[in-house]
Amino acid sequence: MRMFKRYMPKLVAKHVSRLFSGRVYIDGRGGYEFNNGLLLVPVKAEQRHYQTVNEVNQEIRRIRVY
């Protein structure tokens, strides 16, 4: 499990795309699981969780294009 003290979508996306599956925790945003190189929405999700997942997965898609 990787813990991020600050929410930076590019850094989280880089970590998720490299490890492919596991867990991350972002201070102020909560814990997330990722599988197949994409961040997954938590079970009891709030609006900020959906926004975080959307932003990080967009960055992952940008990384994969290059």
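The values are calculated or read from the model by the stated rules, or taken from the named source; none is laboratory data. These figures come from a predicted structure and were not determined experimentally. When we count neighbours, we look across all protein chains shown, and the Cβ atoms used for this are built from the backbone with ideal geometry, even at glycine.
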Taking first residues from the range 37-57 that are at pLDDT below 95 and second residues anywhere that are of a type in the set (A, V, I, L, M, F, W, C) and outside any helix (DSSP H, G or I), the pairs with Cβ under 6 Å that are 6 or more apart or on different chains are Gly37/Phe20
Filter result for Arg18 (exposed (fewer than 12 other Cβ atoms within 10 Å of the Cβ), touching a Gly at 6+ places or on another chain (Cβ under 9 Å) and not in a strand (DSSP E or B))
yes
Assess whether Arg6 counts as being part of a helix (DSSP H, G or I) and either hydroxyl-bearing (Ser, Thr, Tyr) or exposed (fewer than 13 other Cβ atoms within 10 Å of the Cβ) (or both).
no
Looking at the structure I just gave you, is Val12 crowded, with 16+ Cβ neighbours inside 10 Å and either part of a helix (DSSP H, G or I) or in contact with an Asp or Glu (Cβ under 6 Å, 6 or more places away or on another chain) (or both)?
yes
Number of positions in the range 21-43 that are under 13 Å from Val56 (Cβ atoms), part of a loop (DSSP other than H, G, I, E, B) and out of contact with any His (no Cβ under 9 Å at 6 or more places or on another chain)
2
